[in-house]
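One structure is given below, encoded as structure tokens.
The values are calculated or read from the model by the stated rules, or taken from the named source; none is laboratory data. Remember, it's a predicted structure, so these values are computed and weren't measured experimentally. When we count neighbours, we look across all protein chains shown, and the Cβ atoms used for this are built from the backbone with ideal geometry, even at glycine. Just so you know, the surface numbers come from the protein's heavy atoms only, side chains and all, with ligands and any DNA or RNA stripped out. Shrake-Rupley method; radii C 1.70, N 1.55, O 1.52, S 1.80 Å.
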Amino acid sequence: MADSSSTPRVSLAAVTPAIALGPLDGRYRSATAPLVDYLSEAALNRDRTHVEVEWLIHLTSNAVLPGTSPLSAEQQAQLREIVSGFDGNSVNELAEIEQVTVHDVKAVEYYIGRRLAAIGIENLTALVHFGCTSEDINNLSYALGVKGAVENVWLPAARKMVAQIAAMAEATRAVPMLSRTHGQPATPTTLGKELAVTVHRLTRQLNRVAGTEFLGKINGATGTYAAHYASVPNADWQQVAKSFVEGLGLTWNPLTTQIESHDWQAELYADMARFNRILHNFCTDVWSYISIGYFAQVPVAGATGSSTMPHKVNPIRFENAEANLEISNGLLDTLASTLVTSRWQRDLTDSSSQRNIGVAFGHSLLAISNVAKGLERLNVAEDVLAADLDTNWEVLGEAIQMVMRAEAIAGAPGMENPYERLKELTRGHRVDAERMKEFVSGLGLPAEAEARLLALTPAKYIGIAEDLVDHLQK
């Protein structure tokens, strides 16, 4: 019998257009595409071009170097058009230049230099990349890209999804639900209050992410401005650098080695990872509630839940989100722990690591998208929640023994050993409504306290759970 593995196959690597190696650029492209404008290699090169162009404009506008003067408004506009017009042809041209330079930032310098003659400023070619080490351009470009991705893509998507959960919390604030601590029936709550807890947790992390400081520096090969002062000793280079970095919308870092220390990135990725973990916890809880029937999933017309069991509607959105959150956190944790270290004044480990920022963001964004879609197809099965409460009257044992304690303190006789008496009645036993009411009636409680307990049901034993949802509005 012929070995099928020896049969020649078409090389998929040679197929055009190119086939994506990873799922973020393949089957999940629609969910993650918005990040391409900020965290792709092409976006990085566009940001590098942006930084180089703005540095040239900044140096001339402030006449930092003797013999230079401010560019005309038209010349500045033409320079900025190099950035605004950055497209697929630009990507290809840069790739061709880099094949010669074997250096990505140097390729950007040459790319800009090619265009100065047409603007009438070919004499300023030497001013492109003046005083800069590659990391001066890279750290600012990464900061701009990450800032754009956070503020324009990730945060809006995350806030929109959290708003969905908040709307569910508001809609179900009064829907009573049996709690489970250690997996066992416990003091009832409301579905809305439990959802509100998640919203509160996620919102705190989003606020931390929104408060991120995006730092940058432009101070030369080892952060000393040595080349700057050697070439132009009379300029105030710290002020030139500070005003430039802040003009880009970033926070100036005054003390660095050759690299910006990346501490702000570690802080951001830790906050994002914490958000991911809370969302992961939410996904596993929702999955569990679906499994016990608290949530019913609305089937998608034409969709298949199982290849062999036609009745199934699987919670795939939440399972997909779990997996992608775990992958995202694996990368975010690695970035946060490795980017803060560098041997002496510089090593290149951060360069390779930072190329995966977009992947880390992409898996988180994909998870957020899946949770949002999953939430859209959830219906609350209030009848199942009610039935679960009605078969767990033993949860009122806490209320009864606490009332007995209060009455004992107030001087009512016969209220001894309340915990032990309730433990004997309820521990390891199912107690129905009739048995619980019979027990309460035999305690000898004062009339008002007895009436209060006899009116209590598991569905009514929710404290102020409904009102606690109001904290989301504060």
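Computed from the alpha carbon atoms alone, the convex hull of the range 75-210 holds 189 Å³ per residue.
Expressed as a whole percentage, what fraction of the accessible surface of the range 73-176 belongs to carbon and sulfur atoms when a 1.4 Å probe is rolled over the protein heavy atoms?
Of all accessible area on the range 73-176, carbon and sulfur atoms account for 51 percent.
With no solvent and one point per C-alpha, what does the Debye sum give as log10 I(q)/I(0) for the range 192-276 at q = 0.20, 0.23 Å⁻¹? Here the Debye-derived log intensity ratios amount to -0.90, -1.05.
Please state the relative contact order of the range 153-302 as a whole percent: Cα pairs under 8 Å, 6+ residues apart?
Relative CO of the range 153-302 lands at 20 percent.
Peptides 315-323, 177-185, ordered by how many other C-beta atoms sit within 10 Å of their residues on average, highest first, read 315-323, 177-185.
Here Ser134 sits with roughly 30 square angstrom of accessible surface, probe radius 1.4 Å. Taking the three principal axes of the alpha carbon atoms in the chain, the coordinate ranges are 100, 75, 41 Å, sorted in descending order. Heavy-atom accessible area with a 1.4 Å probe sorts Cys283, Cys132, largest first, into Cys132, Cys283.
Share of the range 389-445's accessible area from carbon and sulfur, percent, 1.4 Å?
Within the range 389-445, the accessible surface is 49 percent carbon and sulfur.
The count of lysine pairs in the chain that are at least 8 places apart or cross chains, and whose C-alpha atoms lie under 27 Å apart, stands at 19. Remark: the chain carries 51 Å² of accessible area per residue (probe radius 1.4 Å; ligands, DNA and RNA excluded). Averaging Cα coordinates gives a centre for the range 1-53 and one for the range 437-471; these two points are 61 Å apart. Each of Lys474 and Glu151 was given a label point 7 Å from its Cα along the Cα-to-Cβ line. The distance between the two points is 3.1 nm.
Between Thr224 and Ser69, how high is the FRET efficiency from 1/(1 + (r/R0)^6) when r is the Cβ-Cβ distance and R₀ = 45 Å? Nearest 0.05.
Numbers: r = 28 Å, r/R0 = 0.63.
Approximately 0.95, to the nearest 0.05.
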